[in-house]
Structures are given as C-alpha cells and as structure tokens.
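This report refers to the structure that appears directly beneath it.
The values are calculated or read from the model by the stated rules, or taken from the named source; none is laboratory data. Just so you know, these numbers come straight off a predicted model, no measurement behind them. So basically every Cβ, Gly included, is an ideal-geometry build from the backbone, and we count neighbours across all protein chains shown. Ligands, DNA and RNA are excluded from the accessible area calculation, which covers all protein heavy atoms including side chains. Shrake-Rupley method; radii C 1.70, N 1.55, O 1.52, S 1.80 Å.
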Amino acid sequence: SSEKPPAYQRFHTLAQDVPPGLTLPYKFKVLAEMFRSVDTITGMLVNRAETVTFAKVKQGVQDMMRRQFEERHVGQIKAVFPSSYTLRQEKNIPTFSDGVKKSDYQLTLEPVLGEEDKVDGRPHLSALRLLERRKEFHRNLVNIVKQHHKAFLAALSPPLVVPEEKLTRWHPRFNVDEVPDIVPAELPQPPREDRLSTAQEVLSAARGMLSPKMEKALANLAIRTAEAGAGEPALSKAPPSPASTASALKGVSPALLERVSHSLLAGMPGRGPARVSPHFPLLPKIRAKEAQKLQALLTRERGQEERLAMLERLPAMARVLRNVFVAEKKPALTMEVACARMADSYDAQMSLGEMEKHLRLLAELLPDWVGIHAIRTDTYIKLDKGKDLGPITERLTKAAKEAEAL
C-alpha cells in the first residue's frame, strides 16, 4: 500500500533490546508468525484427517494473531518457502458455512510431507516437523534480507564483499526495516466458466433467439462500446509527468553522487579543471581502511563482540582499580572485596560476576601490573601501585584497537 507505515514498524530494529545480529524486518517477523499459526492449524486438521481449506485456516490465524489474514499472505508464504504447501482449487468439500456452497471452488492447502511423516499410512505433522519447518522458513527470510544487504554493500564506495556464511550482522547504515515486501507467488485460480460479459458476446450467442428490436439495440450498444475502446489509447498517449529529482535519485550512494557532481563541474565550460585538495590521494586509502573495518564488524562473532566491549571498558576500569587499592591501603584484596568496591565506584551498573571477568581480563593483558593468586579457599588480586597509569591505559587502548581491527 502507498500509506506510510507507523514508526513502530519503520524503526522496529532500533527498539530491540537484543545484541546486534541478523535481525528481521517487522513485516517479516509478522509473516513468520503467520506461517507458524498456519502450520499449527494445518497440523491439527491434517492429524484429524480433515481437508485444509483457506477459509478454515483464515479464521484460525485471525483468532490466534488478532490480525487480518488474506490470500496474499498465503502467496507470500509460498514465495518464501515454495516446498511448504501444495495449493489447489477444489470443490465438493463439505462446508459448515452459509456463505460457501459445496459446489463452489475452494483454495486448499496440503503440507508437503515425506514418507517418514506418515503414521498408519496417513500424513501426520509432528511437533518436531513443525519446528523444522518454522526454522526453514526463518532461514529463507534471512536469506532474502541477505540478498538486499548484498546489493546495498555493492552500492557503497568502495564496495564491500562479505561472504554470506561469515555475515553476523547488518551494515550500520543498512535500514533493515526498509526492505521491500515479498512479492506473493501466484495462487491457483478456479476454472473460468463461460460468462457473457459484453454486448457483442450476448448478440453472438443469442442470434436468432431475440426479437429484431432487441437485436438492433444490442448491435448499437456493441458499436458504441467498440468506439469507446478505440478512443482510449489516444488518451493514454499523453506525455507522462516528469519524476522529481529526489525520487529519481533515491537509493543512490551519497559518495557516488558527490563524485559525479565533481566530475560534471570539472567538465563544464568556463570553470576549468576542478580544484583537487592536496589530501585527495589519501581518500582512497581512508575509504579502503573504513571498508576493512566495516567488513571485520560484519563478520565478527558474538564472543569476539563481548570481548571487544570488555576491552573498551578496561582503560576506565584500570583507573578505578588503582583508586580502590590506594583507598584501601593494602597490597592485596580478596576478589570478592575488589569486585564489590569496583561495582560501587564504576559509572555503569555491573554485577559482581561481570566485574570479576573484567579483572581477570586485566590480569591476562597486564600480568606485570595485576596479579591474581588463589590461596587456599580464597582468590586474591594484587596491584603494583608504583607503576605510572599513563602507559597502562595506552596499552589497554592499543589492545582494544587491535581487537577491533580483527
């Protein structure tokens, strides 16, 4: 539809309280939930040996999701997961609705199952099979978004090439909620019955059966209809209105537009060659370095991301840890006491277990400054307060930058 979706859908991914990853657009999540509901209802009907019709599924999905469910959603499900259902138009299916006759054609859904999914020779949808189908549908949705993301990376300057199997998150400038809707697959239509729709068809079918006056009236109507149809193409040949520049350039990389504008200005008469900044030769290197960082970001694993976040906190934590030891006036503290003092002094709220992980990482990176010793049942942390804090923070910052570049 041409209406602008609400903000909670357009900026859905920004409001997610989850670690960054391969999140789906809001409309894709709704479609995945619809597929789960369709599969659940289909499973109950198939296991009861009932014919699955769209009317039954529609009512069940709308009751479960409190959303409108239409045939185009079935087409989208078929487009995402073609081997999920076999769709047919069938009639003579028993119905319990006053609005649907038994002789009418109805859209039926038959889940595609293997021989291993049969019980006593009849199809059976088990809970495990439903879970596998749901995961397959989710993977297909992610692959669709990956194709749009791949086109987005190719349009960057310089373009990025990230293997799909190594991709762990989307590009920061890739708006996942603006991925276009899935084009529904074509659904089977009921067979066309011979119906007379125009005056010429009625006249041809009923020739000799009507009175001369009625035949003359139908002939005049057919002539007027033909003349009106012949006049339509002339009206449709009017020149189309020019598209606005903003809509024509929508989706084009800003860096590409900037380079094209510089080239055009340089070639215009009276302007002479465009002035080139003395630092212009460095731009390709800078952009290549940024592209390398982005590629590392897009392929970073969850464990690497957590370690990088810890490394970025360590310079500030090192100053807090030194202040704790200075205030306590002791050469060593138990791990429990050190974590409690650090949690009270650090500007972000953190549990004692998370604080201990940071202290152990400090000891791993700076063994000459922080030492952790297990004595009997207690664990002690020792700090060399005589060392200057400046080189310590520089080493930690360097470690964080090196981890970010990986």
Kindly indicate whether any position in region 365-388 is under 43 Å from the mean Cα position of the chain (by Cα) and either of a type in the set (S, T, N, Q) or not in a loop (DSSP other than H, G, I, E, B) (or both). yes
For region 142-166, enumerate the residues that are closer than 27 Å to LYS78 by Cβ and touching a Leu at 6+ places or on another chain (Cβ under 6 Å). VAL142
Look at GLY353 and say whether it is over 47 Å from the mean Cα position of the chain (by Cα), small (Gly, Ala, Ser) and open to solvent by 30 Å² or more (accessible area, probe 1.4 Å). no
Residues satisfying the stated conditions in region 50-86, i.e. over 19 Å from ARG139 (Cβ atoms) and of a type in the set (A, V, I, L, M, F, W, C): VAL52, PHE54, ALA55, VAL57, VAL61, MET64, MET65, PHE69, VAL74
If you check every pair at least six apart or on different chains, which have Cβ atoms under 7 Å apart with a residue in region 72-93 that is open to solvent by 40 Å² or more (accessible area, probe 1.4 Å) first and a residue that is acidic (Asp, Glu) and in a loop (DSSP other than H, G, I, E, B) second? LYS91/ASP104
Would you confirm whether or not region 101-121 contains a residue that is closer than 30 Å to LYS150 by Cβ, exposed (fewer than 12 other Cβ atoms within 10 Å of the Cβ) and among the hydroxyl-bearing types (Ser, Thr, Tyr)? no
Could you grab me the full set of residues in region 55-92 that are among the small types (Gly, Ala, Ser) and farther than 13 Å from ASP39 by Cβ? ALA55, GLY75, ALA79, SER83
What residue, among those in region 194-227 that are among the basic types (Lys, Arg) and at pLDDT 65 or above, is nearest to the chain's Cα centre (by Cα)? ARG224
Take LEU321 and tell me if it is under 13 Å from ASP384 (Cα atoms), touching a helix residue (DSSP H, G or I) at 6+ places or on another chain (Cβ under 9 Å) and not in a helix (DSSP H, G or I). no
Could you list, in sequence order, the residues of region 147-171 that are of a type outside the set (A, V, I, L, M, F, W, C) and either more than 13 Å from the chain's Cα centre (by Cα) or at positive phi (or both)? SER157, PRO158, PRO159, PRO163, GLU164, GLU165, LYS166
Name every residue in region 156-195 that is open to solvent by 60 Å² or more (accessible area, probe 1.4 Å), under 30 Å from LYS4 (Cα atoms) and among the hydrophobic types (A, V, I, L, M, F, W, C), in order of residue number. VAL183
The number of residues in region 356-401 that are hydroxyl-bearing (Ser, Thr, Tyr), out of contact with any Ser or Thr (no Cβ under 8 Å at 6 or more places or on another chain) and either open to solvent by less than 60 Å² (accessible area, probe 1.4 Å) or at pLDDT 90 or above (or both) is 2
In region 57-71, residues that are open to solvent by 60 Å² or more (accessible area, probe 1.4 Å) and touching a strand residue (DSSP E or B) at 6+ places or on another chain (Cβ under 9 Å) total 1
Checking ARG395, ARG341 in turn, the sole residue that is assigned to a helix (DSSP H, G or I) and within 40 Å of the chain's Cα centre (by Cα) turns out to be ARG395
